[in-house]
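Only one structure is covered here, and it is reproduced in the block below.
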Amino acid sequence: MAEILDGKLTSQALKDQIAEEVKAFRAEGGKQPHLAAILVGEDGASQTYVNHKVKACDEVGFKSTLKRFPADISEEELLKVVEDINADDDIDGLIVQLPLPKHISVQKVTDRIVPEKDVDGFHPVNVGRMTKNLPSYISATPFGILKLIEHYNIDTFGKHCVVVGRSNIVGSPMSILMARNGKPGNATVTLCHRYTQGLEQYTRQADILIVAVGIPEFIKGDMVKEGAVVIDVGITRVEDASKKRGYVLKGDCEFSSCEEKASHITPVPGGVGPMTISSLLYNTLMSARNEVYQSDVLVK
Ligand code: NAD
């Protein structure tokens, strides 16, 4: 039976640490960290995620601002909102909740956020700096996974880490971070995606298997090596009429069969998800303390 990598508990420990650090920072005369979030449209899951983020800000003593817009806001108007927030000295971090309506370019909007406030770590400057192992805002989900691995003292040096999924926000940065000269890191990494042939031959070699594809229960126990660490990033709402809210949340790994093979496994929900939020808070605290860009031309 695998040990559960408990994202809820680990995230709470990180939030407690952040709350302590906020108190200490303010006692020294530092400002109250301030996170702004932009939400466009009425997507139910997006509203839930943003609400969790706002609530988490309260928990650790941050200020938060939620800016909501109707789905028909123009790209130009939204870019102007981003620019106004860029220029607002009180705001340390800005996130744009995805997805955006189809008529708005996600890339244009996220690239318009100044790198110093890009606490989601999506801006090419932050991605480039991460790749070069320079101080940067690391995309919150991969950052949260690193923190979970760290919390449970999982050895990554020289291990074979197989990442399934190569999105810009999870799979690709995860593969870079696990290969980087750092702790956690220094793994030998294989990155698999939709064109990978014979996926199971790779997943079965993984000492650490990280899955972010968005297909419920895609990875079965027979695709997992005995003793592997399984990190399931996927969260999909699957209709279930027997449930009050009409759906259940499913990960990308079939929990029952993977748990039998793994040494450690993340549950869904309660694994990677809560870590994502606390990592976003951590990035915002780093921004308030001006830690990432302090020695740069990009200082705010
Ligand atoms: P995405 O849709 O952007 O990318 C999916 C990736 O999976 C692609 O790179 C694709 O090549 C790969 N893929 C698709 N089919 C495949 C196949 N048959 N074999 C191998 N690879 C295949 O996904 P994303 O944004 O990275 O999200 C993935 C999942 O993670 C989703 O369920 C999403 O909701 C979840 N997610 C969770 C969190 C969190 O905080 N826990 C954060 C981000 C995303």
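The values are calculated or read from the model by the stated rules, or taken from the named source; none is laboratory data. Note that the coordinates shown come from a computational prediction; the quantities given were computed from them, not determined experimentally. Reconstructed Cβ throughout: ideal geometry from the backbone, glycine too, with neighbour counts over all protein chains shown. Surface areas here come from the heavy atoms of the whole protein model, side chains and all, with no ligands, DNA or RNA. Shrake-Rupley method; radii C 1.70, N 1.55, O 1.52, S 1.80 Å.
For the chain, the dipole from Cβ point charges (+1 on Lys and Arg, -1 on Asp and Glu) about the Cα centre works out to 160 debye, to the nearest 20. Other residues lying with their Cβ under 11 Å from the Cβ of Gly41 contribute a combined charge of -1, Lys and Arg counting +1, Asp and Glu -1. Each Lys and Arg contributes +1 and each Asp and Glu -1, all at the Cβ; summed about the Cα centre of the range 2-133, the dipole is approximately 120 debye. Taking the Cα centre of the chain as the origin and placing charges on Cβ (Lys, Arg +1; Asp, Glu -1), which of Leu94, Thr188, Met1 is farthest toward the positive end of the dipole? Most positive-ward Cα: Thr188. Site pair Ala24 and Asp58 shows an inter-label distance of 2.7 nm when each label is modelled 7 Å from Cα along Cα→Cβ. Residues within the reach of a label modelled at Glu226 (point 7 angstrom out along Cα to beta-carbon, backbone nitrogen below 20 Å), restricted to the range 189-212, are 200-209. The string of couplings for the range 124-138 from the Karplus curve (6.51, -1.76, 1.60, θ = phi - 60°) is x, 5, 5, 5, x, 5, 4, 4, 8, 6, 9, x, 7, 7, 8 Hz, one whole number per residue in order, with x for Gly and Pro. GNM on the chain, alpha-carbon springs under 10 angstrom: the most fluctuating residue among Gly221, Gly271, Gly246 is Gly246.
If only the Cβ of Lys and Arg carry +1 and only the Cβ of Asp and Glu carry -1, the dipole of the range 68-221 around its Cα centre is close to 900 debye. Solvent-accessible area per residue in the chain equals 47 Å², computed with a 1.4 angstrom probe and all protein chains kept.
The solvent-accessible area of Ser256, taken with every protein chain present and a 1.4 Å probe, is close to 70 Å². Each peptide in 63-71, 6-14 receives the mean, over its residues, of other Cβ atoms within 10 Å, and ordering these scores from highest gives 6-14, 63-71.
Taking the 1.4 Å solvent-accessible surface of the range 1-99 as the whole, the part contributed by carbon and sulfur is 51%. Among the GluC sites (Glu not before Pro) found in the range 36-108, those both in a DSSP coil and sparsely packed, with 16 or fewer other Cβ atoms within 10 Å of their Cβ, are Glu42. Of the GluC sites (Glu not before Pro) found in the range 206-250, those in coil by DSSP whose Cβ has at most 12 other Cβ atoms within 10 Å are Glu226. Its alpha carbons give the chain an Rg and a Dmax of 19.1, 57 Å. Sparse packing (at most 14 other Cβ atoms within 10 Å of the Cβ) combined with a DSSP loop state is found for the following trypsin sites (Lys or Arg not before Pro) in the range 129-192: Lys132. Once the Cα atoms are used to define both axes, helix 75-86 deviates from the longest principal axis of the chain by about 70 degrees.
Taking the alpha-carbon centroid of each part, what is the distance from the range 1-31 to the range 66-85 in angstrom? If you average the Cα positions of each part, the centres end up 31 Å apart. For the set Lys117/Lys159; Lys15/Lys225; Lys23/Lys108; Lys53/Lys102; Lys53/Lys80; Lys220/Lys243, the pairs lying more than 30 angstrom apart at their alpha carbons are Lys117/Lys159; Lys15/Lys225; Lys23/Lys108. Backbone phi angles across the range 234-247, fed through the Karplus curve with coefficients 6.51, -1.76 and 1.60 (θ = phi - 60°), yield HN-Hα couplings of x, 9, 10, 7, 10, 4, 8, 5, 6, 9, 4, 8, x, 8 Hz in residue order; Gly and Pro are listed as x.
The residues neighbouring Glu21, those whose beta-carbon lies less than 15 Å from its own, together hold a net charge of 0 under the Lys/Arg +1, Asp/Glu -1 convention. For His160, the solvent-accessible surface with a 1.4 Å probe is about 30 Å², rounded to the nearest 10. Please give me the summed charge of the neighbours of Cys161: other residues whose Cβ is under 15 Å from its Cβ, Lys and Arg +1, Asp and Glu -1. Local net charge: +2.
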